[in-house]
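**Q** One structure, as structure tokens, below. Some questions next.
The values are calculated or read from the model by the stated rules, or taken from the named source; none is laboratory data. Keep in mind that this is a model prediction, so the values were computed, not measured. Heads up, the Cβs are rebuilt from the backbone with ideal geometry, glycines too, and the neighbour counts pull from every protein chain shown. Heavy atoms of the whole protein, side chains included, go into the accessibility calculation; ligands, DNA and RNA do not. Shrake-Rupley method; radii C 1.70, N 1.55, O 1.52, S 1.80 Å.
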Amino acid sequence: MNFLRSLVGKLWITITCLVACVLLTLGLFLLPYIDTVFANSGDIKRLFTYVAIIGFSMTTFFGLFLLTKITQPMQKLIQAANDIRKGRYDIRLNLVTSDEIGELANTFNHMAAELEKTIRSLNDEKEHLSSVLRSMSDAVITFDNNGDVILVNPPGQEVMETWQGLKWDEDVEGGGWAAEVMPEPLIALFYKTMNEGKDQSADLHVKQDVWEASMAPLYSGNVIRGAVVVLRNITEQVKLEKMRTDFIANVSHEIRTPLSMMQGYSEALLDGMAASPEESQELIQVIHEESLRMGRLVKDLLDLTRMEAGHAELMLRGMDAGELCERVYRKFAVRAKEQNIELQLQRLASNLTLELADEDKLEQVLTNLLDNAFRHTPSGKKISITVDRIKLQSGAAVKFVVSDQGAGIPPEDVPFVFDRFYKADKARVRGESVGTGIGLAIVKNIVESHKGSITVDSNVGEGTEFTFVIPAESVK
């Protein structure tokens, strides 16, 4: 700092100028009088000169004294304050004095220590909050009162990037307000939260996903300074809830029909409506068949539940897939002859051995697939079973193909054929044999439990082809 621009420099200049003015004033009035009255005027003039020199020296010494005792500590205090302003909160002053400046230095050190402690606590809280936000699987986004994003965690950043790239309806409530700083689906919720000043929640449908949004206002005193929203992807929950509802409805539907028939025919027997033993036998036979149908439904449901829960045990051992296909072929040969359907078996490889597989479960898979094929294939058409050994990246495998020339499955229904109680078109099901609707779901679970895969290819009016692949070497 320039000395002349400092407080001490200005004070020194002032005192010096004051002494000079006093001496000049005295000189102007006394020098003529001294020349006329005193005989030795030179001594008097030298006295004035010495007094002037001493005055200037004393003011200079006084200025240097002030510089040492006041200005330098103040400069250190200013430098320390500037360092704290720049973020160096560990700065302390070493001024050991008992005057006001020393007290000021002690107060400054105490203030700096408290400030450092407060800043450290704030940083710790910030890191804690940041760690909590990073560990959350839900998306958290904080907005100010203008809709600008001020805080977001990684899942929230992904949501922002994904939603910002989509095209939204321009007529949505909010009229594009804050559209450049927040995703369009949140604008209406943000607008409502800011206006009402209380928590809001809504389910947002974005593409094929469903998001649960909970937004709360952020207050600064009595003024709303923004809002924070928590987004949770509940698509799977919605699907599971729909599956649960559909499952209950389908089970109720499948059980209601045989129960109604059993109740009706049993009431007919109790009322004596059967006129002959033959009619009674016929009613009893219907009740028996419907009870068997309900038993099959319950058994299939229990099997499917055990497999999906991972409780079904596989009896894994070596087996020949070719012999299995021949046995299933012979089992359905009589049915094919009765329905006038041509049944073919093709073995395209000599080695069709599976090292580890459950033969009974795989027979159940082929039986269910062939049963579906016979129920959907009209007379005069063909059903074929093809088995071959193929090479995959993971090793050797055996491929089974069951194809028919039936009515086929509409393209929009193909992705759902392995769902429980799936029936694309009841009109295409032959009346003499109605399935439980969960056979293909069981088939898929059995194949996947063998670490295999199953696909379906169908064209309406041309037929359907089911292909499943089972690893030939091992199941781990």
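**Q** Work out Dmax and Rg for the stretch 311-417 from the C-alpha atoms and quote the Rg first, both in angstrom.
**A** Gyration radius and largest Cα-Cα distance of the stretch 311-417: 15.1, 43 Å.
**Q** Hey, with R₀ at 25 Å, roughly what FRET efficiency would Asn222 and Gln157 work out to, going by the Cβ-Cβ distance, to 0.05? Please report the intermediate quantities before stating the final value.
**A** Numbers: r = 32 Å, r/R0 = 1.27.
Efficiency at R0 = 25 Å is approximately 0.20.
**Q** Where in the stretch 321-409 are there chymotrypsin sites (Phe, Trp or Tyr not before Pro) that are in a DSSP coil and have at most 16 other Cβ atoms within 10 angstrom of their Cβ? Walk me through the intermediate numbers first.
**A** Values: sites: Tyr329, Phe332, Phe374, Phe400; in loops: none.
Qualifying residues, ordered by number: none.
**Q** Using the Cβ atoms and a cut-off under 15 Å, what net charge is assigned to the surroundings of Leu122, where Lys and Arg are +1 and Asp and Glu are -1?
**A** Working: positive: Lys117, Arg120, Lys126; negative: Glu114, Glu116, Asp124, Glu125, Glu127.
After counting each charged neighbour, the total is -2.
**Q** In the full protein assembly as shown, how much of Asp209 is accessible to a 1.4 Å probe, in Å² to the nearest 10?
**A** 60 Å²
**Q** Which cross-chain or sequence-distant (5 or more) residues have an amide H under 5 Å from the amide H of Ile438, H modelled 1.01 Å from N in plane?
**A** Phe421
**Q** Apply the Karplus parameterisation 6.51 cos²θ - 1.76 cosθ + 1.60, with θ equal to phi minus 60°, to every residue of the stretch 410-418 and state each ³J(HN,Hα) to the nearest whole Hz, in sequence, with x for glycine and proline.
**A** 3J(HN,Hα) across the stretch 410-418, in whole Hz: x, x, 6, 9, 4, x, 10, 5, 8.
**Q** What number does the stretch 76-127 give for Rg over Rh if you use C-alpha atoms and the Kirkwood radius? Please list the in-between numbers first.
**A** Values: Rg = 12.3 Å, Rh = 11.6 Å.
Radius of gyration over Kirkwood radius for the stretch 76-127 works out to 1.06.
**Q** The stretch 73-149: which trypsin sites (Lys or Arg not before Pro) are DSSP loop and have at most 10 other beta-carbon atoms within 10 angstrom? Walk me through the intermediate numbers first.
**A** Numbers: sites: Lys76, Arg85, Lys86, Arg88, Arg92, Lys117, Arg120, Lys126, Arg134; in loops: Lys86, Arg88, Arg92.
Listed in order of number, the matching sites are Lys86.
**Q** Modelling each spin label as a point 7 Å along the Cα-to-Cβ direction, I'd like the Ala249/Ile119 distance in nm, to one decimal.
**A** 6.4 nm
**Q** With all protein chains present and a 1.4 Å probe, how do Val210, Val223 order by accessible area, largest first?
**A** Numbers: Val210 20, Val223 95 Å².
Highest to lowest solvent-accessible surface, that is Val223, Val210.
**Q** What's the percent breakdown of Cα-Cα distances in the stretch 69-157 across 5 Å bins, shortest bin first?
**A** 3, 13, 16, 14, 11, 10, 9, 8, 7, 6, 4, 1, 0
**Q** Rounded, prolate or oblate: which one fits the stretch 437-476, using the alpha carbon gyration tensor with axes a ≥ b ≥ c (rounded when a/c is under 1.5, else prolate when a/b beats b/c, else oblate)?
**A** Values: a/c = 4.85, a/b = 1.82, b/c = 2.66.
Taking the square roots of the gyration eigenvalues as a ≥ b ≥ c, the stretch 437-476 is oblate.
**Q** Using alpha carbons only, how many angstrom separate the centre of the stretch 358-404 from the centre of the stretch 227-267?
**A** Computed from Cα coordinates, the inter-centre distance equals 31 Å.
**Q** Also, quick follow-up: Please tell me which of these pairs span more than 32 angstrom C-alpha to C-alpha: Lys299/Lys391; Lys337/Lys444; Lys126/Lys198? Kindly include the intermediate steps, with their values, before the conclusion.
**A** Details: Lys299/Lys391 36 Å; Lys337/Lys444 29 Å; Lys126/Lys198 25 Å.
Cα-Cα > 32 Å for Lys299/Lys391; rest within.
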